[in-house]
Amino acid sequence: MANLVEATTQQQFEDFLAKAGKCLTVVHFQAPWAPQCAQMNEVMAELAKEHAHTTFIKLEAEAVPEVSEKYEIVSVPTFIFLKAGEKVDRIDGAHAPELTKKVQRLAVAGGSAGAAESGAADLNQRLKKLINAAPCMLFMKGSSQEPRCGFSRQIVALLKEHGIQFSSFDILSDEEVRQGLKIYSNWPTFPQLYANGELVGGLDIVKELAESGELENTCPKAVDLEQRLKVIINRSPVVLFMKGDKEAAKCGFSRQTLEILNGTGVDYDTFDILQDEEVRQGLKTFSNWPTYPQLYVKGDLIGGLDILKELKESGDLVSVLKGES
């Protein structure tokens, strides 16, 4: 396939980018010793058949260090998405469903205006879904447990001090959301706080609300734990409660579960129970299932790793994940 190539030098890589022009380019930073890279190359080959106007470049990270350093590659596989030579998104790790989804969203055949408008509409829908993922939603650098800038650290401290229950999204993990939200909300900086789907503002606004005593009235009242669990379980058709996240599983059972799910091509969300002790303990009682990971499809508990293994062996896993059985 002419749109699936391998770059072995920096010059060759730059030539491929120049040839791609304004169309989407997907670069797979790989290593020959990593089996997950070989698996993701198979996924890339299938995507290349479907997206003829997108260029897919395979590049051995250690063999072309100048390019790897430019894009801050620290592990393989890593995927960088480029348009007109500029980075527009990134994936760290072997996540076939996420790669497929991003290619579908970012690929603009021939750079046509109609396709661009469609892509913008898809992004706005995604942003709207994220903003409404919780009654009080904070878009920040890092997580509420580990803020990665001073402004984010201050706003998290304020919300916790006033007993505001909130969820957060790490904008450093998704460049498309980071840039898109600035336009969507007409607010150029982060952090950004939303209540009931409406923009409240940044750190200065939250400080003013806290000083005036209006912060508690602006942000929704905390919901009880059972209601909160229901919201999280139903925030996506497929939700995995695990230790860690898609990029970094923090236990062997969670890692094995990710490998099984990534092999299905079905999209899913994850929730890191290590970041929320209330959810971690409460879900055991709610689901009457004492261990993790736990997988839910359309709000119903499927089970843990052993159940997924059985479904995979029987050939029923994909249909179950799609809610067909």
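The values are calculated or read from the model by the stated rules, or taken from the named source; none is laboratory data. All values derive from a computational prediction rather than experimental measurement. Because the Cβ atoms are built from the backbone with ideal geometry, glycine has one as well, and the counts that use them run over all protein chains shown. Ligands, DNA and RNA are stripped out before the accessible areas are found, and what is left, the full protein with its side chains, is counted by its heavy atoms. Shrake-Rupley method; radii C 1.70, N 1.55, O 1.52, S 1.80 Å.
All of (1) within 26 Å of residue 282 (Cβ to Cβ); (2) open to solvent by 60 Å² or more (accessible area, probe 1.4 Å); (3) at pLDDT 90 or above hold for residue 207 with one exception: (1). Listed conditions (1) modelled with pLDDT under 90; (2) in a helix (DSSP H, G or I); (3) open to solvent by 30 Å² or more (accessible area, probe 1.4 Å) are all met by residue 290, apart from (2). Taking the numbered list (1) in a helix (DSSP H, G or I); (2) in contact with a Gly (Cβ under 6 Å, 6 or more places away or on another chain) in turn, residue 22 passes all entries but (1). Selection of the stretch 26-38 for residues being buried (at least 20 other Cβ atoms within 10 Å of the Cβ) and at pLDDT below 95 yields only 37. Applying the condition of being among the aliphatic types (A, V, I, L, M) and in contact with a strand residue (DSSP E or B) (Cβ under 7 Å, 6 or more places away or on another chain) to the stretch 232-260 and asking which residue is modelled with the lowest pLDDT yields 249. One residue stands out among those in the stretch 293-309 that are open to solvent by 30 Å² or more (accessible area, probe 1.4 Å) and of a type outside the set (Asp, Glu): the one that is farthest from residue 231 (Cα to Cα), which is 309.
In the stretch 273-282, which residues are assigned to a helix (DSSP H, G or I) and free of Cβ contacts under 8 Å to residues at least 60 places away in the same chain? Spell out the reasoning first.
In the first step, residues of the stretch 273-282 are kept if they are assigned to a helix (DSSP H, G or I); the result is 273-275, 277-282.
Of everything in the stretch 273-282, those that are assigned to a helix (DSSP H, G or I) and free of Cβ contacts under 8 Å to residues at least 60 places away in the same chain turn out to be 273, 274, 277, 278, 279, 280, 281, 282.
Among the residues in the stretch 188-201, are any closer than 20 Å to residue 124 by Cβ, assigned to a helix (DSSP H, G or I) and of a type outside the set (A, V, I, L, M, F, W, C)? No, the stretch 188-201 contains no residue that is closer than 20 Å to residue 124 by Cβ, assigned to a helix (DSSP H, G or I) and of a type outside the set (A, V, I, L, M, F, W, C).
Screening residue 285 with (1) open to solvent by 50 Å² or more (accessible area, probe 1.4 Å); (2) of a type in the set (Val, Ile, Thr); (3) under 30 Å from residue 202 (Cβ atoms) gives one miss only, at (3). Among the residues of the stretch 250-284, those that are hydrophobic (A, V, I, L, M, F, W, C) and under 15 Å from residue 238 (Cβ atoms) comprise 258, 260, 261, 266, 271. Looking at 190, 151, just one residue is without any contact (Cβ under 8 Å) to a residue 60 or more places away in the chain and more than 19 Å from residue 134 (Cβ to Cβ), and that residue is 151. Hey, does the stretch 264-272 have a residue that's modelled with pLDDT of 90 or more, open to solvent by less than 30 Å² (accessible area, probe 1.4 Å), in a loop (DSSP other than H, G, I, E, B) and of a type outside the set (S, T, N, Q)? Yes, some residue in the stretch 264-272 is modelled with pLDDT of 90 or more, open to solvent by less than 30 Å² (accessible area, probe 1.4 Å), in a loop (DSSP other than H, G, I, E, B) and of a type outside the set (S, T, N, Q). If you go through the stretch 53-91, how many residues are surrounded by 13 or more Cβ atoms within 10 Å (Cβ to Cβ) and not in a strand (DSSP E or B)? Going through the stretch 53-91 one residue at a time, the tally reaches 15.
Hey, can you tell me all the residues within the stretch 118-168 that are of a type in the set (Ser, Thr, Tyr) and under 15 Å from residue 192 (Cα atoms)?
From the stretch 118-168, those of a type in the set (Ser, Thr, Tyr) are 118, 143-144, 152, 167-168; that's our starting set.
Within the stretch 118-168, 143, 144, 152, 167, 168 qualify.
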